[in-house]
Structures are given as C-alpha cells and as structure tokens.
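The values are calculated or read from the model by the stated rules, or taken from the named source; none is laboratory data. In this text the structure is predicted, and so the values were computed from the model without any measurement. Positions of Cβ are backbone-derived with ideal geometry, glycine not excepted, and every protein chain shown enters the neighbour counts. For the accessible areas, the whole protein counts, side chains as well, though only heavy atoms, and no ligand, DNA or RNA atoms are used. Shrake-Rupley method; radii C 1.70, N 1.55, O 1.52, S 1.80 Å.
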Amino acid sequence: MEKFRNCARPWPALRPAWQHGDMPSPIEDYAMIGDCHTAALVSRTGSIDWLCLPRFDSASMFGALLGTEDHGRWSVRPTDPDARTTREYLEDTFVLVTRWRTTDGVVEVTDLMPHGDRRADVIRRVRGISGTVTMTEDLRLRFGYATAVPWVRQTKNGHGIIAVAGPDAVVVRGPHLTAQNHAHSAEFTVAAGETIDLTLTWYPAHRDAPEPFDVDARIDSTVRWWRSWADSCEPPTEYAEPVTRSLLVLRALTHEDTGGIVAAATTSLPESFGGVRNWDYRYVWLRDASLTLEALMNHGFKGEAHGWRNWLLRAIAGDPNDVQIMYGLSGERYLAEVELTSLPGYDGAAPVRIGNGAYTQYQGDIFGAVMLALAQARDIGVREDEFSWSLQRALLGVVEEQWQRLDHGIWEVRGELQHFTHSRAMLWAALDCGVRAVRDHGLAGPADRWAALRDRIREEIEEQGYDHDRGTYVQHYGTTEVDASLLQLAQIGYVAHDDPRMIGTVAALEEDLLRDGLLLRYRTTSGVDGLPGDEHPFLACSFWLVEQYARSGRVDDARGLMDRLVSFSNDLGLLSEEYDVQNDRQVGNTPQALSHLALVRAADAIAAARVPSAGVPASV
C-alpha cells in the first residue's frame, strides 16, 4: 500500500467538468504533475486544463485554464455527475492519485508525467477498486495556444490516435476514441481489480510516432526518483511536511537539462480577478532562481548549485553590461511580450500574455541576489572554477559602472524609474560578497575599492532611504511610502533583524500594508507601478514577515502568521502567488516558486528561534 504525505479531505458532489457557461475551476483546485521539463495542471474534476509540451514555455496544447473546454483539455472522470472525490500525492512525489466514489463503485485515477525517459509523456491510469464504474474521457487538442485544431487519424493498430498541427504531434493511446465536433470521446467501464491505461506522448511532427512504453515500469521509476531526491531533504522538525512539499515544488520547477528555474508553471493567472495584471511566469528570473538555489542548498541539495551556476554562466555570457533580469530556460534573451487573442483569459481576465516585457528592464537588485547565492555556494564548499569567479568579478564591474542608475525595482514597475531602497541595499550586498570572497576565501580582486563603494552606498541609503521622522526605511528615495521588499534588508545582512531601524520599518509596514492580516507588496494607490487596478496580498511578503518576526524575538507572532499562511495551501500543499482572504481563494500564477521558497525560509527562521544554536543562519 502506497504511503501518502498530504491528508486529503472530502469535497461536495461535483458537477460535470467544464460545462459551457460554468465558472473556471478555482486556482486552488489544481494539482501539478511534472517531469522537470514541463508541468500539467489537473483540476479536481479530473481535467488536465493546462499543458505545454515539451517545455514549460512551449505553446499550450491544453489551455482551458485560460478559457473554456474548447481551448483544449483532457478530462477523465466517472460519468456519474454526483461522484465524490478525494486526492493526494504519493508520498514525496508528484504522482497524483484521485479516488472517485460513485453509487456503482470506487475507482482511482493515477496521473503523472514520467521522469527520466527523455520523452514528453503523460500517464492516466484508471484502476477499479470496488463495483463497476463507467468512465468518460473527453479529449480536445488545441495546439499553439488554441490557434490550431490538429488533423487526427487512427493509429495503424486502431488502439490510439495521432494528432498533428504544424511542428507539434501527439499520439494518444487507450480506449477507442470517437470524433465529434473537434473533440474525441470515449466511454468505458472499470470493474474492481481492472486497470486501464491512457497515455499521451508529444513528439516533433516531422518524426514517426514513438512506440508504446511499459506503464508499470515508468510509474515505478518515477516514484523511486522523486523519493530518492526527497530523501536528501533536511527539513526542520516543525513544518516538515510543507517544507518538504515546497522543496519538491522548487525541484519540479527546475529544468532537468538546462538548470533553469521557472518562477511558476503558468502564464496570465490574474493578480486580481477580472483585471489586467496578468503576466507570463514561465521564465527564469535571476532573483527568484538565486533565492530558490539558496533554499535548496540550505536543505542539503548542494548539487543543484553546480547546475544553476553553469546555467548562469551560459545565460549571461558575453558583455556583462548586457546582463538581463530574466532569461528563457536555456538562456534565451529575447522574450518579447505578446497579447494573445486566442485565449480569453482566466474567468475573462484579459489580456493573456506570453513572453514578458520586463526582460528589457534594469533592476539593480539582481546583482546582489546572484552574488549572495554564489557566495553561499562557496561557503558550503562548492569550489570556484576558472569561469565562475571571473563572472562574479565582471558583475561587480557592472555594479561599479552603473551603481547610480535608476531602476525598475524588484516588483518590475512600469511607472517612473526610481532609486529603490531595496535595490540600493542589494548593490551593497553584491559588493559585500565580493569583499568577503577576497578577504575570507583568498580570491583575487580589488577588495578595498569594492569596500569603499559598498560603504558609500550604505551612507547614501541611511541618508536618503531612511525616514528619520517616522523611523523607517522607505520604498525609494524621495518618498514616505514603504514596501514589503524592505524586509529583505535584514535577510541579506544589511541591518540586524532586531535593529531599531528594522523594528521601526516593520511597524510602518504593519500600519500601511497589512490587509486582512496579510502583507501587500506596496500601496498600488501611490501610482508607483504605473498600472491600473489593485492586487491581493502577496504570499511571499507575508512569509518574509514571519521570518522577520521569528528572528527579532516575536516567535509567537511568527508561528501564528505561519500557521495561517500554511493553511492557504491547497489540499496538496501548493501555493499560488497571492491570496484573496475575503473570498478564501488563491490568486495569480501557480505553483509559485517565490511563495514556496519564502515558506521554507520562514520555517527555518522559526526553527532557529526555537533552538538558537540550530537551523539556518539569519543572513546568507
């Protein structure tokens, strides 16, 4: 009997999935399955509503998440409209098991993307538990973000279909499918003890369809791989389950071949329902990837540092002055932002965007994020090679040349450029890392010159980035507004967590940015981001507040907020970008790497506060 880590809870009787006119499934109703190349989202109603093959950033073939069933989906569920369901991951894996209970019997559907087979496969195994259950399969293939309905033909043996459109092709095997109105459907029964396998394999359209594979072997090897990876995890005793699941999410969002770490598996899930703040997160932000790397290294995954550092070396090769804030999974530089008309958006939240125009922005904080991650790798014993330290020196050279430049800040504002205090502190951190690399590790470099500039930036921050009347750091020079990113000043070692300046900043954040007990990034009403509309509390920011509470002695407050935030995870332990407290709904792209890595840091901080001599250091 397989073990399960997450406790499933029963849910009310379900309607048939995706009837025309239905509201979309809530974001928290989605599970993720993945193969460390891409990921699919599976709704509680048994429908794969989002899948891009063969990579995270490929065009969707199932896009119902951002539209309706006619934008692509693959539903497998009992015909009984009153079927009830529970679901859970096999322990420490992304193998999803959904148990359906009907009036005629019980059936399980196991969904996964096999790992390590060098193919782009999806398995949906239907197993009878008791009685006899009639199942319905509904397949609607829509390639190219729902711009292409494929040509479809039966396989030679009649046990599947092949669908082709442009460069994409899939072969789907399982029960006999019947075509009607650009959809393919099947109805089949499963009795107790019977197993029926449905598989889908993507391949380049100019090649022959791949042969069938051994489903049992692929399931077994995938379970073993995930569990072997998780066995290396070193979570704190308290919050061990959400930390382990979060680390698994971070690994699932890391591309196995390139080492690139995407910010989320989706694009254009709205920050405000019905709004325009809809962005494509299927790319590698240097900041988010650096923070993810730190979280993994803090929990025993030293090997990931090598892969990501190699990715970084490839991505920013060339003139260091051309470094970008974000890249494609293989280091692609051109990520032009396009608004799609083929997908109407999640519950009508338009536009749907692919690409991300922020790739052209200058954000000074990325230098600190990268240098901090590489410094931590060095501190845990990852040796510098002939290229890695040269890269870091080149980045510091850019800092020396551009340290006075205005930037867009961590939140990628599309309004007026500013000297954001967080960005200035991260430049300080970058230089500090360089100084310590020379003085503590014996690497070659102008430590005295870097130290002088580091100290000059600190003096500037204390003069222009601090509101002496209110006793708080400010969002940017020349304003009295505050920003949740200021919590990172203590995380990077710029100021102690219990320093009066930090305590005053926390008080200002609590006064200005708390909404329903959670922290906003900033006040959108200030106009700083140049965008219309509002947004919900940003989960990572509230986890940062947990960390600050714990490391400044407010452990009870930290634990109280932590418990509340963890409760916002869905039944499988997944978190999106934001949370709508009033409607008890997850908001934004999912699962979100930044939310999960911030959860890990918060749990570490509570563990360190509980046993001061243990845990992860306060700053990295």
Extreme residue, farthest from Val106 (Cα to Cα), among residues of the stretch 175-222 that are among the aliphatic types (A, V, I, L, M) and either free of Cβ contacts under 8 Å to residues at least 12 places away in the same chain or in a loop (DSSP other than H, G, I, E, B) (or both): Ala205
For residues that are closer than 12 Å to Leu518 by Cα and open to solvent by less than 40 Å² (accessible area, probe 1.4 Å), scanning just the stretch 560-578, find the one that is nearest to the chain's Cα centre (by Cα). Glu578
Matching residues, the stretch 54-74, being closer than 20 Å to His184 by Cα and either in contact with a Phe, Trp or Tyr (Cβ under 7 Å, 6 or more places away or on another chain) or among the basic types (Lys, Arg) (or both): Ser60, Met61, Phe62, Gly63, Ala64, Leu65, Thr68, Glu69, Gly72, Arg73, Trp74
By residue number, the members of the stretch 326-364 that are outside any loop (DSSP other than H, G, I, E, B) and over 20 Å from the mean Cα position of the chain (by Cα) are Val338, Glu339, Leu340, Asp347, Gly348, Thr360
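Here's the yes/no breakdown for (1) farther than 19 Å from Tyr359 by Cα; (2) under 18 Å from the mean Cα position of the chain (by Cα):
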| position | (1), (2) |
| --- | --- |
| Ile261 | no, yes |
| Thr266 | no, yes |
| Trp279 | no, yes |
| Leu286 | no, yes |
| Ala289 | no, yes |
| Ala295 | yes, yes |
| Leu312 | no, no |
| Gln324 | no, no |
So, in the stretch 72-82, of the ones that are out of contact with any Asp or Glu (no Cβ under 6 Å at 6 or more places or on another chain) and crowded, with 22+ Cβ neighbours inside 10 Å, which residue ends up nearest to Leu141 (Cα to Cα)? Gly72
Residues that are open to solvent by less than 10 Å² (accessible area, probe 1.4 Å), touching a residue at least 24 places away in the same chain (Cβ under 8 Å) and either assigned to a helix (DSSP H, G or I) or in contact with a Cys (Cβ under 8 Å, 6 or more places away or on another chain) (or both): does the stretch 579-593 have at least one? yes
Please state which of the following conditions Leu374 fails to meet, knowing it meets all the rest: (1) touching a helix residue (DSSP H, G or I) at 6+ places or on another chain (Cβ under 9 Å); (2) of a type outside the set (Lys, Arg); (3) within 19 Å of Asp407 (Cβ to Cβ); (4) in a helix (DSSP H, G or I). (3)
Qualifying positions in the stretch 372-385 - out of contact with any Lys or Arg (no Cβ under 9 Å at 6 or more places or on another chain) and either open to solvent by less than 20 Å² (accessible area, probe 1.4 Å) or under 14 Å from Ala317 (Cβ atoms) (or both): Leu372, Gln376
Residue that is small (Gly, Ala, Ser), open to solvent by 30 Å² or more (accessible area, probe 1.4 Å) and either modelled with pLDDT of 95 or more or in contact with a Pro (Cβ under 9 Å, 6 or more places away or on another chain) (or both), where the choices are Ala31, Ala64, Ala13: Ala13
If Leu247 meets every condition in (1) closer than 30 Å to Leu291 by Cα; (2) assigned to a helix (DSSP H, G or I); (3) open to solvent by 50 Å² or more (accessible area, probe 1.4 Å) apart from one, which number is that one? (3)
Let me spell it out: the conditions are (1) touching a Phe, Trp or Tyr at 6+ places or on another chain (Cβ under 7 Å); (2) open to solvent by 10 Å² or more (accessible area, probe 1.4 Å); (3) among the charged types (D, E, K, R); (4) free of Cβ contacts under 8 Å to residues at least 60 places away in the same chain, and Asp92 meets all of them except one. Which number is the exception? (4)
Got a sec? Which of Asp448, Asp469, Asp455 is in a loop (DSSP other than H, G, I, E, B), surrounded by fewer than 16 Cβ atoms within 10 Å (Cβ to Cβ), more than 27 Å from the chain's Cα centre (by Cα) and not polar (S, T, N, Q)? Asp469
Contact list, first residue from the stretch 468-485 and on the phi > 0 side of the Ramachandran plot, second anywhere and open to solvent by 10 Å² or more (accessible area, probe 1.4 Å), beta-carbon distance below 6 Å, six or more apart or interchain, is Gly471/Gly504
The one condition Gly160 fails out of (1) touching a residue at least 40 places away in the same chain (Cβ under 8 Å); (2) buried (at least 21 other Cβ atoms within 10 Å of the Cβ) is (1)
